[in-house]
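What follows is a short report on a single structure.
Read-outs throughout are calculated quantities, based only on the coordinates presented, and are distinct from any laboratory measurement. Computed from a prediction, not measured in an experiment: that's the story for all the values here. Note that we place each Cβ from the backbone using ideal geometry, even for glycine, and neighbour counts take in every protein chain shown.
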């Protein structure tokens with residue numbers, strides 16, 4: 001499991017999520033496939049923005065569960 005803040009805002013996060021080919025967009029992070037999610041757009045969307053910010057869940061916060069795919073393919077997909 002990897003968590004990161006990308007450069008930009010929630011629109012940039014959405015653009016990243018929609019451009020990936022190998023990562024599957026999923027709220028449940030686990031299993032052998034590489035999965036990715038934006039808590040602000042998915043699991044914590046119903047939480048008021050001010051509380052998300054307090055928790056460190058900004059629009060640019062991304063969580064990744066790395067699976068068994070080739071590491072170079074995953075790096076290239078994120079690039």
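Some notes on this structure:
- Given (1) under 13 Å from residue 2 (Cβ atoms); (2) touching a strand residue (DSSP E or B) at 6+ places or on another chain (Cβ under 8 Å), number of the condition residue 58 does not satisfy: (1)
- Failed item, numbered, when residue 44 is tested on (1) touching a helix residue (DSSP H, G or I) at 6+ places or on another chain (Cβ under 7 Å); (2) in contact (Cβ under 8 Å) with a residue 24 or more places away in the chain: (2)
- Scanning the stretch 47-59 for any residue that is surrounded by fewer than 12 Cβ atoms within 10 Å (Cβ to Cβ), touching a helix residue (DSSP H, G or I) at 6+ places or on another chain (Cβ under 6 Å) and in contact (Cβ under 8 Å) with a residue 40 or more places away in the chain turns up nothing.
- Just so you know, in the stretch 61-77 the residues that are without any contact (Cβ under 8 Å) to a residue 60 or more places away in the chain and touching a strand residue (DSSP E or B) at 6+ places or on another chain (Cβ under 8 Å) include one that is farthest from residue 16 (Cα to Cα), and it is 67.
- Scanning the stretch 23-38 for residues that are in contact with a helix residue (DSSP H, G or I) (Cβ under 8 Å, 6 or more places away or on another chain) and surrounded by fewer than 16 Cβ atoms within 10 Å (Cβ to Cβ) yields a count of 1.
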